[in-house]
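FYI, it's all coordinate maths here, none of it is from the lab. What you see is a predicted model, and the numbers here were worked out from it, not measured in a lab. Cβ: placed from backbone, ideal geometry, glycine included. Neighbour counts: every protein chain shown.
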Amino acid sequence: MDFLNILNLTGGELIGAYTAAYVLCALGLAMHFGFTGLLNFGQAAFAALGAYGYAIATLTFGWPWYSATLFGLVCSALFAVALGIPTLRLRADYLAIVTIASSQALVSVFGVGQYRDVTGGSNGLSQFGESFYALNFLPDQRIELGVLTYSSNEIFIRIVAWSLVILGALLLLILTRSPWGRVLKGIREDEDAIRSLGKNVFVYKLQSLIIGGTFASLGGMVFVMTSQTNQPVTWGTDFTFMTWTILLLGGAATILGPIVGGMVFFALLMFLQNILEGLVNLGLLPFLDIAQVGQIRYLLVGLVLMLLVIFRPQGIFGNKKEMQFNG
Amino acid sequence: MANSISVGAASPGCKKVDPILVADNVTRQFGGLTAVNVEHLEIPRGLITALIGPNGAGKTTMFNLLTGFDEPNSGRWTFDGTDLAGVAPYKVARMGMIRTFQLTKALSLLTVIDNMRLGAQDQPGEGFIQSFLRPIWKKREAQISERADELLQRFKLDSKREDYAASLSGGQRKLLEMARALMSEPKLVMLDEPMAGVNPALTQSLLEHIKGLKNDGTTVLFVEHDMHMVRNIADWVIVMAEGKIVAEGPPAQVMKDQAVIDAYLGAHADTDLGTVAIKTIKAGK
Amino acid sequence: MNRLLKGPARALRVLIAGFLIFAGLLSASPAHAEEADPSTYAYTIAGTMLQEETPIPGIKVTATLGDFSASATSNEWGEWSIMVPELGQYQVEIDKSTIPEGFALTDAETGAIGIADLSETDFAAVLFSFGEDTSVGTSFTDLLVARIFAGLNFGLLLAIASIGISLIYGTTGLNNFAHGEMVSLGALIMWITYIVLDQNILLAALLSIAAVTAFGWSQDAGLWKPLRKRRMGLNQMMIVSIGFSIVARYLLLLFFGGDTKDIGGGGNIIELGPIFTSDITLIGMAINVIALAGVALFLTRTRVGKATRAVSDNASLAASTGIDVERIIRIVWLFAAALTGLAGVLYGLQFQASWLTGFDILLLLFAAVTLGGLGTALGATVGALIIGMVVEVSTLFIPNELKYAAALVILVIILIVRPQGVLGKKQRIG
């Protein structure tokens, strides 16, 4: 087993564009759940709308990257409004079921063969990044980092992705420390109390849903921009629950939490995958084959999620006193 | 018997000289059960009114209806001349009618001072766009914090300023909730069982605070289960039983009212039966 | 990395009609096979070209996904297979010019394209339909009757699986996202006992139900009861159940593999007017109705059933009248697991068994329970019948892929109109 290689691959995950994409989604979820108490189990749909919005605007309408980005954000925001108006008055556990149901319903629409011309059906869409990568100002040469080499575009997407993460985190920091953020935290604790103090709870929840949704929208765009492919299978419930795991790993009511949570999560997964693959190749795990290693990684996601919620609900960075679960 | 509060003699649903809240024909049914059926109700301005009655009399439901937290099957009511039926709870609160809850709703994972600040109105920083522009809301925030500190001092919670509300005792939470309700300088404060679950030492201080509100010119309406508790502080007592107003008047007069005694006797009979049932079960084990 | 991130979207998949071909395909080749050496590709798409019973040789088939594309030609038995390098949903298309004389696609326009869903499994079958379409000329009424029948059957299956969710929610407040895995387990154990071990069908079914019941009991005793003792919040428990569902699902995948297992073989076809069904389906429906009646009797006539309803109504009040709440919860778990095991067996016999069987219908189960009003068994039954009906009847009007989405949209609409569900009670505040 080549440990240096494994460590390099693991380190690569820390700054990976996919990692940044998940972190953006998790920051959005921190807004929803950590600061407002909304049980949103449909984060994948917001990300999917960002990704499809961008891709369709580019491929079908022929728009440049900035209009396409805006279009993706607007799609996610509209979905937040459409989802929020009927459901935000419902009890928290109903909201969970309705968001996961709406998310799956939406994603299944993207996969339908009849709309193949626009959505690409189950194959999805690809090659929509030309306008975006035209912005790449980096010299066109491969850059070596340890055993990993990155193309100019790969470096560029990483820079953009992590800049978005930093901007998003700053935005969230300003918001949550403002009186507006204080009302949200109040709603998280007890929305009837906040109502009795003269705040329009519904509007705050809707705003939170929209803001967190647009974070996921950006995450979705970053995600598909990396490989320039966007397939409906990406946006299943696993995407949502992976985001939840990252959020809870870092700490739901924190801003640094989702960021470090995402980095730790993917680095750990990559590390484990390589160690397991190495052991399988050495014949030390005769009951496993290589394909099953990937399955074990998912299993670990579930296990981490369970153990976190049971034993450390406040996550890595969360304040024990401000741990996140009511009811 | 004449008094200075009601127009004419005190009787269930009587008119008041200067009412702040007037309700007509308010009914609320849960399934087949009529929880509230109030023909006419007026709350006198600037005084302390106690709404008493046995468990299940519909006091809390009435509170929920008046503050918009529940929708009635029928009825209209006005607050300070403004029609309130069907108005959302947050709008009711903004008009100056603030309520508390039977099960205290302290915001556990916020600090005591943040709890207080949330009680304030007109903080522009509570708008989404404005929240980014600190200069817009900085000044108001300072005013709010000042008032919050005053109130915390008055309610002897100033030493807990930076603690999470979760760390407060039950009685302190009641105090916090009451202090928070006062942040917006409401015209009418509606307290749902402020004395429930509070130890006797703190009860006295709570009663003093309620009296203090009246001195500030605030109208107080509070729900209480135990009618002896209200004797000392209430100027007016309204008695509910089985969803209806069965008696009202000054405390001393109401205590003698046969309808009130009947209502409570009925309730006591219930309590006794309950106690007996539990004892039987324990014996059975 | 890619494998993980392209993550499988497993709910709402199209149920592939027809029979599936089993192939003992090994996937021992390296995972990273960027080099274009097809012999190292780990995944297979395959099928058989048949018109009536006659194999069609020489048809060219192409599978594409993004930039990747590979072709194969059907052999003298009509069989073809394509090796592909990575997971995903492949589009599989017939080159129409290669269809020999005397053969024709049933639907000349859209029938040449199929989808191979390789998002989970390392093998997918794609079937193309040739020859006259026997359903052509069926009147709308006949179609509707057939769909309603299918909806009734599906609704009954959902009902028996969702009552478990409802009872557990009612007594413990837990929204158990790991419920679907009990359905999968029931179906998969049925496959083991009935097909692999070749046992008598009744014995196999009883063994399967017993296995799921044991799983339910140990799940409660080992996980949920300790969490209840710690007074864990309900939302927190719900997220634990999501984690548990993922763990259980991937354990099923590791143990049983990713292929879809055919248990019932369809049974013997029975024609009832416009309805084509099978003896297996009819017997399954009968068992289902009997089981539902049993649930109703249990809840209304037995002491334990009445106690269950009392706990659902108000657990602390029930406790104060001398009901042992933990005992009731234990019984509810056993009962719910047994019913869910039965649902798994019946579902497996009529449709298919795989590690995703339960997960695929989980959201429909939740929709049913929520629709009826959380926590009432009758509500879950009514909700399940509505959902089953919507799913099946909607296929007359919208693409088949969207039939589950239609049910979920109905759920959202009903909750807007009636947030407490069809049979639920409004809650009091304060």
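A few notes on this one:
- In the elastic network of chain A, a GNM with C-alpha springs shorter than 10 Å, the most mobile of A:E144, A:E130, A:E189 is A:E144.
- Helix B:200-215 axis, angle to chain B major axis (alpha carbon atoms, nearest 10°): 80 degrees
- Placing one equal scatterer on every Cα of segment B:117-165 and applying the Debye formula, the log10 ratio I(q)/I(0) at q = 0.16, 0.25 Å⁻¹ is -0.51, -0.91.
- Distance distribution note for segment C:198-296: the fraction of Cα pairs above 25 angstrom is 47%.
- Rh by Kirkwood over Cα pairs, then Stokes-Einstein D for segment B:110-214 at 1.002 mPa s and 20 °C, µm²/s: 148 µm²/s
- Helix B:170-182 axis versus longest C-alpha principal axis of chain B: approximately 70°, rounded to the nearest ten.
- Whole-Å semi-axes of the ellipsoid equivalent to segment C:316-401 (Cα gyration tensor, √5λ, descending): 31, 17, 9
- Length-normalised contact order of segment B:92-188 in % [C-alpha pairs under 8 Å, at least 6 apart]: 48 percent
- Taking chain A as a Gaussian network of alpha-carbon nodes connected by springs under 10 Å, the highest mean-square fluctuation of the residues A:N230, A:N200, A:N153 belongs to A:N200.
- Counting, for every residue in B:195-201, the Cβ atoms of other protein chains within 10 Å of its Cβ and taking the mean gives 0.
- Candidates A:Q104, A:Q295, A:Q228: whichever shows maximal mean-square fluctuation once chain A is modelled as a Gaussian network with Cα springs under 10 Å: A:Q295
- Computed from the Cα positions only, the extents of segment C:56-167 along the three principal axes stand at 52, 39, 25 Å, in decreasing order.
- Within 10 Å of each Cβ in C:65-73, the average number of Cβ atoms from other chains: 2
- With one equal scatterer per alpha carbon and no solvent term, the Debye-computed log10 I(q)/I(0) for chain C at 0.11 1/Å reads -0.91.
- A:L145-B:Q143 FRET efficiency (beta carbon distance; Förster radius 41 Å; 0.05 resolution): 0.15
- Share of pairwise Cα-Cα distances greater than 29 Å in chain B is 38 percent (whole percent).
- Normalised radius of gyration (Cα atoms, divided by 2.2 N^0.38 Å) for the protein assembly as shown: 1.04.
- Contact order relative to length of segment C:184-263, as percent, for alpha carbon pairs under 8 angstrom and 6 or more apart: 38 percent
- Peptides B:189-201, A:271-283 ordered by average Cβ neighbours within 10 Å, highest first: B:189-201, A:271-283
- Per-residue mean of C-beta atoms belonging to partner chains within 10 Å, peptide A:80-93: 3
- Estimated distance in nm for a label pair at B:K211 and A:L279, the labels positioned 7 Å out from Cα along Cα-to-Cβ: 7.4 nm
- Cα gyration tensor shape of segment B:16-165, rounded if a/c is under 1.5, else prolate or oblate by comparing a/b with b/c: prolate
- Going from the residue with the fewest nearby Cβ atoms within 10 Å to the one with the most, A:L175, C:L349 rank A:L175, C:L349.
- Listed peptides C:103-114, B:92-103, B:10-21 by packing density, highest first (mean Cβ within 10 Å): B:92-103, B:10-21, C:103-114
- Prolate/oblate/rounded call for chain A, Cα gyration tensor, a/c under 1.5 rounded: oblate
- Separation of alpha-carbon centers, segment B:156-175 and segment B:26-85, rounded to whole Å: 31 Å
- Of all aspartates and glutamates in the structure, those lying under 13 Å Cα to Cα from C:K403, and not within fewer than 8 positions of it along the same chain, are C:D360, C:E392.
- Relative pair counts by distance (%), Cα atoms of segment B:66-111, 5 Å bins: 5, 20, 26, 20, 15, 8, 5, 3, 0
- Relative exposure of B:F132, C:F215, B:F63, judged by other C-beta atoms within 10 Å (fewest first): B:F132, C:F215, B:F63
- A straight line joining the Cα centroids of segment B:212-265 and segment A:187-211 runs 34 Å.
- Cross-link pairs exceeding 24 Å between alpha carbons, from the set B:K139/B:K174; B:K16/B:K187; B:K15/B:K91; B:K91/B:K160: B:K139/B:K174; B:K15/B:K91; B:K91/B:K160.
- Along principal axes, Cα extents of segment A:66-156, largest first, whole Å: 53, 33, 28
- Summarised in one figure, the compactness ratio Rg/Rh of segment C:101-180, Cα atoms and Kirkwood Rh, is 1.18.
- Relative contact order of segment A:61-216, pairs being alpha-carbon contacts under 8 Å that are 6 or more residues apart, as %: 27 percent
- Listed by number, the DSSP H helices of chain C that run 20 Å or longer by alpha-carbon position along their axis and have mean Kyte hydropathy of at least 1.6 are C:201-219, C:234-256, C:279-301, C:357-372, C:377-394, C:403-417.
- Note on B:I136 and C:S218: with the Förster distance fixed at 51 Å, the Cβ-Cβ geometry gives a FRET efficiency of about 0.30.
- Applying the Karplus relation 6.51 cos²θ - 1.76 cosθ + 1.60 with θ = phi - 60° to segment B:80-87 yields 3J(HN,Hα) values of 6, x, 9, 5, 10, 4, x, 7 Hz, where x marks Gly and Pro.
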